[in-house]
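The values are calculated or read from the model by the stated rules, or taken from the named source; none is laboratory data. Quantities reported herein were computed from a predicted structural model and do not represent experimental measurements. FYI the Cβ positions are ideal-geometry reconstructions off the backbone, even for glycines, and counts take in every protein chain you see.
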Amino acid sequence: MQEDRLTIGIIGLNFGRHILADLESGSAAEHLKLGAVCDLDANKVNEFSKQYGVKGYTDMDDLLADPEIDVIGLYTGPKGRARLLSHIIRTGKDVMTTKPFELDATAAKAVLEEAQSLGRIIHLNSPTPKPNAFMEQIHAWEQEYHLGKLVYFGGEVTASYREEPDGTWLDDPEQCPMAPIFRLGIYLINDMVRIAGGIDSVQGLGTRVFTKRPTMDNANLCLTFQNGAIGNIYASFCVNNGQFYGNSLVLHYENGSIYRNCDIQDYGTSMNESHLRMVSVDKDQQQITREWRQPGGSGQYAWEDFCEAVRNRDISSTPADAIVHGVQVIEAMIRAQHSGKLEKVNH
Ligand SMILES: NC(=O)c1ccc[n+]([C@@H]2O[C@H](COP(=O)([O-])OP(=O)(O)OC[C@H]3O[C@@H](n4cnc5c(N)ncnc54)[C@H](O)[C@@H]3O)[C@@H](O)[C@H]2O)c1
């Protein structure tokens, strides 16, 4: 464990409580130590400040004024995240936050530009600062085996939830559009942007199978890419297949195909491990197959990269264009949810 770990204050203690556990004994603990917790809800602040033996605040400004806090983890809901981020970076703190980055692409772009001009770091878990190792391997095979033009890019993410309405943003189709896509398929949207580039248009379908929430629990988003490929993302809270979370990709090219985690994965490994298979043909039309397996997937917090960027003041480490494009896709998805039609992504 590094001696000179940065001290982090965590804002938002609902999902954020899992980050507290990670800071105590998980991957974050090696790089950061918890200095304080903050939430508007005083009960959560009391519970977690006691449990972890750290300071607790109900007002974000008190946390931001604490000189012992080096960096901030922001784990509030996506709506209005840009406004909170802007407030935080203006106090001179760097931030790690979470997916989905925002609902409003203009606000997302503005805050990332503001961070650049102030010299502040904003990172999140999807998209991460650097492409994941499996993405590098996909690009290496594309080159080595001359896979040619990408024509289809599909992704699936599956889980089994039986949720009840609780009055939070998860019940609101405006704040949580095409819910399984926004909550879980968001990783696949950001992966697709990272691997295949710009998305041109989207169209969605969704149903409510088991959920008692007013938002969908079973959804499909079709996409077209600027390079002519067709994409598809299926995300569902209705599938109990022992692979929580199931997370797979299929890429078809003019000269081959690549599959990520398309075979049966052990429970809990599909998001955090990558098993790639490639099939192509040589000049004599003989089949070539390749296989690659490594830990690491999408959506993990790159804590080491964050701390390195903070120490080196590396503002170029934020993948601003990819973040904003992901939010532009979300905006088009919201329009598609209303219209039921194909909607252009604004660039
Ligand atoms: N694996 C992951 O990284 C992962 C998993 C689940 C959720 N998330 C993301 O985490 C985020 C939070 O999700 P959630 O379900 O916990 O949302 P939530 O709305 O249930 O909880 C947000 C918490 O933040 C607090 N809060 C809001 N505004 C605040 C403010 N100004 N100051 C202090 N506290 C404030 C609220 O009181 C609440 O406790 C979402 O963007 C979600 O998508 C990430």
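How about the stretch 15-75: which strands (runs of 3 or more DSSP E) wholly inside it have at least 3 residues that are among the β-branched types (Val, Ile, Thr) and more than 13 Å from MET96 (Cβ to Cβ)? First the steps, then the outcome.
On the way: elements: 32-38, 55-57, 71-74.
It comes to none.
Show the residue pairs meeting these rules: Cβ distance below 9 Å; 6+ apart or different chains; first residue within the stretch 278-305 and more than 30 Å from LYS99 (Cβ to Cβ); second residue in a helix (DSSP H, G or I) and at pLDDT 95 or above.
SER280/TRP141; ARG290/TRP141; ARG290/GLU144
Any chance the stretch 65-72 includes a residue that's closer than 20 Å to ALA309 by Cβ, out of contact with any Ser or Thr (no Cβ under 7 Å at 6 or more places or on another chain) and within 10 Å of the ligand (Cβ to nearest atom)?
So in the stretch 65-72, the residues closer than 20 Å to ALA309 by Cβ come out as 69-72.
Applying the additional criterion that residues be out of contact with any Ser or Thr (no Cβ under 7 Å at 6 or more places or on another chain) yields 71-72.
Subset that is within 10 Å of the ligand (Cβ to nearest atom): none.
No, the stretch 65-72 contains no residue that is closer than 20 Å to ALA309 by Cβ, out of contact with any Ser or Thr (no Cβ under 7 Å at 6 or more places or on another chain) and within 10 Å of the ligand (Cβ to nearest atom).
Determine which member of the set ASP59, ASP4 is of a type in the set (Asp, Glu) and at pLDDT below 95. Step through it out loud before you land on a result.
Working: ASP59 fails: at pLDDT below 95.
The unique qualifying residue is ASP4.
Quick one: which residue in LEU32, LEU40, LEU23, LEU74 is free of Cβ contacts under 8 Å to residues at least 60 places away in the same chain, of a type in the set (A, V, I, L, M), assigned by TED's automatic domain parsing to the domain that holds PHE306 and surrounded by 20 or more Cβ atoms within 10 Å (Cβ to Cβ)? Working first, answer last.
On the way: LEU32 fails: free of Cβ contacts under 8 Å to residues at least 60 places away in the same chain; LEU40 fails: surrounded by 20 or more Cβ atoms within 10 Å (Cβ to Cβ); LEU74 fails: free of Cβ contacts under 8 Å to residues at least 60 places away in the same chain.
Only one candidate qualifies: LEU23.
What number of residues in the stretch 114-139 are within 23 Å of the chain's Cα centre (by Cα) and either without any contact (Cβ under 8 Å) to a residue 40 or more places away in the chain or within 16 Å of the ligand (Cβ to nearest atom) (or both)?
Qualifying residue count, the stretch 114-139: 11.
I'd like the full set of residues that are under 27 Å from TYR161 (Cβ atoms) and β-branched (Val, Ile, Thr), limited to the stretch 189-212. Give the derivation first.
Keep residues of the stretch 189-212 that are under 27 Å from TYR161 (Cβ atoms), which gives 189-194, 199, 202-212.
ILE189, VAL193, ILE199, VAL202, THR207, VAL209, THR211 - these are the residues of the stretch 189-212 that are under 27 Å from TYR161 (Cβ atoms) and β-branched (Val, Ile, Thr).
Among (1) without any contact (Cβ under 8 Å) to a residue 40 or more places away in the chain; (2) of a type outside the set (Lys, Arg); (3) under 22 Å from ILE195 (Cβ atoms); (4) in a strand (DSSP E or B), there is one condition VAL95 misses while meeting the rest; what is its number?
Among (1) without any contact (Cβ under 8 Å) to a residue 40 or more places away in the chain; (2) of a type outside the set (Lys, Arg); (3) under 22 Å from ILE195 (Cβ atoms); (4) in a strand (DSSP E or B), the lone unmet condition for VAL95 is (3).
Among the residues of the stretch 28-36, is any modelled with pLDDT of 95 or more and within 11 Å of the ligand (Cβ to nearest atom)? Break it down stepwise before answering.
In the first step, residues of the stretch 28-36 are kept if they are modelled with pLDDT of 95 or more; the result is 28-36.
Still in the list and also within 11 Å of the ligand (Cβ to nearest atom): none.
No, because not a single residue in the stretch 28-36 is modelled with pLDDT of 95 or more and within 11 Å of the ligand (Cβ to nearest atom).
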